[in-house]
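Note sheet for the following structure.
The values are calculated or read from the model by the stated rules, or taken from the named source; none is laboratory data. Computed from a prediction, not measured in an experiment: that's the story for all the values here. So basically every Cβ, Gly included, is an ideal-geometry build from the backbone, and we count neighbours across all protein chains shown. All accessible areas refer to the heavy atoms of the entire protein, side chains included, with ligands and DNA or RNA removed. Shrake-Rupley method; radii C 1.70, N 1.55, O 1.52, S 1.80 Å.
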Amino acid sequence: MTFQDIVLSLLYFSSAIWLIASYLKTQKALQWWSYSQSIKLANEAEQIRGSLLQESCCMRRSIERSITELGTAKSSREWIQTVELLHHSLAHLGDRLAPPHIEYSLPLAIEFLIESWQAKNTQLNIKSQLPKVWRDEIPDRSIIILQILDELLRMLSVKNLTKISLEISLIPLQYELNELAIAISYPDVQTFLLCSNLKELKYLKQTFSFLTSGQCFCRRKNLTETLYFRWRSPKRS
């Protein structure tokens with residue numbers, strides 16, 4: 001090997017090391033960003049649940065007392081309807097910012113998310129197999145998993161794929177690995193090819209792998225595509 005070959009090899013090796021270091025730094029930065037955003041959302045949701053919702057309840061009781069004392073005026077009934085709408089809107093906003101159960105139970109959080117989507121879109125056919133007991137893990141990782149699932153359901157709803165059916169399973173694997181499996185069954189080949197080749201789906205897989213240091217792969221059989229999201233949960237400190 002000549003001196004020039006040695007220099008080129010060293011340059012290639014140095015470049016590879018730099019790329020790996022840059023990738024790891026970017027990955028850590030994105031994970032930190034995700035964690036900080038989840039904390040902000042959780043604080044906003046807690047403020048809504050602990051303050052604004054209670055204030056709206058007090059307002060409603062006050063209006064009800066006024067109606068009892070002054071009679072059933074149309075304007076008073078309209079006030080009550082307005083306050084009830086505000087109450088429900090704040091409740092839904094709090095759930096979107098920081099889903100219930102996420103701090104202590106990923107299965108319950110996924111179940112709540114599925115029920116919310118089915119309430120919004122009654123044509124969504126979703127079955128689930130969720131364990132009652134789940135491994136202890138930090139909330140920000142659970143939030144990422146839930147966001148990935150929520151984005152997938154949103155993606156399918158936006159494409160108006162109402163004739164598909166989904167089966168969602170959460171499975172603890174060996175060596176502290178976890179798996180979220182989502183089996184999507186399509187009604188025909190055209191719909192299958194349309195959804196399987198969505199660029200948004202590719203982005204979703206890459207985002208999951210980047211933010212969780214996990215892996216995502218799929219298996220196809222007939223008109224069913226199963227997505228496997230696997231990650232290793234860091235323990236609570």
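Rolling a 1.4 angstrom probe over the protein heavy atoms with all chains in place gives region 116-237 an accessible area of 55 Å² per residue.
Using a probe of 1.4 Å, the accessible surface attributed to Val83 totals some 10 Å² when neighbouring protein chains are kept in position.
What a 1.4 Å probe finds exposed on region 144-202 is 52% carbon and sulfur by accessible area, rounded to a whole percent. Charges were assigned to the Cβ only: +1 to each Lys and Arg, -1 to each Asp and Glu. The resulting dipole of region 189-237 about its Cα centre is roughly 280 debye. If R0 equals 25 Å, the separation of the Cβ atoms of Val189 and Ala119 corresponds to a calculated FRET efficiency of about 0.20. When region 98-199 is described by a simple charge dipole with +1 on each Lys and Arg Cβ and -1 on each Asp and Glu Cβ, the residue from Cys195, Ile148, Gln174 located farthest towards its positive end is Cys195. Ordered from largest to smallest accessible area (heavy atoms of protein chains, 1.4 Å probe), the residues Arg135, Arg77 come out as Arg77, Arg135.
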